[in-house]
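A single structure is presented below for examination.
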Amino acid sequence: MPRIILILFSLILLIYPLLLFISTNIFDIPIKYIGLSLITLLFIRILLILRTKKHQVLIPKKYLFIISTLGMILGISIFLHPDIFLAQLYPVFINYTLCGIFSYSLRCPPSIIEIVARIQYTKFPEKAILYTCKVTKVWAIFFLINGSIALFTTFFTSMSIWMLYNGFIAYILIGIIFIIEYYYRLTIQNKYLSS
């Protein structure tokens, strides 16, 4: 049960840009309540992470805990200093934090992608470890670039464009990378199995 609730809370956090846009532009909810909502969601998420069994999450619990704790700090900052620009920094923060975690996992193996891959595959040759490191690098670079674009949209575009990029286009880009990597991995696996 905690895993299902954890997934639900994660999905709510994924649509944060849309929720922020609707809250501020349609319902005119004060920014401090956005910060309070973020604090509450992330606090509950931390409690769920602590209650979820290790094998029930794809990303190691320590990384989920770090992301959620740092997100709560941002939520506290938004609550104490209600500013729309501060609230818009959440996608920037998430992308840069993920970039840092993926990069850290390369320096202190196993890499994040290797951890996820080992859940799916029992046989894991040395070539696969090298491949997962490359994929982890690709994601780290993507999160760095995506975070930088999110930062740009925060300070140099309208709220509508910010929401369009961070709440829609960024997820399409993530999906494209997933699909490309998946088909590339299948090609490599077929080549490896046939040789």
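Taking a cut-off of 18 Å between Cα atoms, list the aspartates and glutamates near Lys32, but don't count ones fewer than 8 places away on the same chain.
Asp83
Using the number of other C-beta atoms within 10 angstrom as an exposure proxy, rank Leu8, Leu13 with the fewest first. Mind showing how you got there, number by number?
On the way: Leu8 12, Leu13 18.
Ranked by crowding around the Cβ, least crowded first: Leu8, Leu13.
Need the C-alpha centroid separation for the stretch 146-193 versus the stretch 52-101, integer Å.
Comparing the Cα centres of the stretch 146-193 and the stretch 52-101, I get a distance of 18 Å.
Can you list which of the chymotrypsin sites (Phe, Trp or Tyr not before Pro) found in the stretch 9-46 are DSSP loop residues with at most 14 other C-beta atoms within 10 Å?
Numbers: sites: Phe9, Phe21, Phe27, Tyr33, Phe43; in loops: Phe27.
Taking the stretch 9-46 and a limit of 14 other Cβ atoms within 10 Å, the loop chymotrypsin sites (Phe, Trp or Tyr not before Pro) found are Phe27.
If you don't mind, there's one more thing I want to ask. Output wanted: per-residue J couplings in Hz (rounded whole) for the stretch 142-153, from phi through Karplus 6.51 cos²θ - 1.76 cosθ + 1.60, θ = phi - 60°, x for Gly and Pro.
Coupling constants for the stretch 142-153: 4, 5, 5, 5, 4, x, 5, 5, 4, 5, 4, 5 Hz.
Additional query: Output wanted: per-residue J couplings in Hz (rounded whole) for the stretch 84-94, from phi through Karplus 6.51 cos²θ - 1.76 cosθ + 1.60, θ = phi - 60°, x for Gly and Pro.
Karplus values, whole Hz, x for Gly and Pro: 4, 5, 5, 5, 6, 7, 4, x, 4, 4, 4.
Give me a comma-separated list of calculated 3J(HN,Hα) values for the stretch 156-163, in order, Karplus coefficients 6.51, -1.76, 1.60 applied at θ = phi - 60°, integers in Hz, x for any Gly or Pro.
Running phi through 6.51 cos²θ - 1.76 cosθ + 1.60 with θ = phi - 60° gives 10, 10, 6, 4, 5, 5, 4, 5 Hz.
Sorted by mean Cβ packing within 10 Å, highest first, what order do the peptides 132-139, 60-67 take?
132-139, 60-67
Now for a separate question. Contact order normalised by length for the stretch 2-194, with contacts defined as Cα pairs under 8 Å and 6 or more residues apart; what percent is it?
23
What do you get for the angle between helix 2-14 and the principal long axis of the chain? Use alpha-carbon atoms, 0 to 90 degrees, nearest ten.
For helix 2-14, the angle is close to 60 degrees.
Can you spot the aspartates and glutamates whose alpha carbon is less than 17 Å from Lys134's alpha carbon? Ignore those fewer than 8 places along the same chain.
Glu114, Glu126, Glu181
Right, here's the next one. Compare Leu47, Leu151, Leu74 in a GNM of the chain, Cα atoms joined below 10 Å, and give the one with the largest fluctuation.
Leu47
Show that you can apply the helix-only estimate: for the chain, add -39,500 (n - 2.57) for every DSSP H stretch of four or more residues, divide by all residues, and state [θ] at 222 nm to the nearest 500.
On the way: 10 runs with 158 residues, N = 195.
One gets -27000 deg cm²/dmol as the mean residue ellipticity at 222 nm.
Each value in this text was obtained by applying a stated rule to the coordinates, not by laboratory testing. Note that the coordinates shown come from a computational prediction; the quantities given were computed from them, not determined experimentally. Methodologically, a virtual Cβ is constructed for each residue, glycine included, from the backbone with ideal geometry; neighbour enumeration extends over all protein chains shown.
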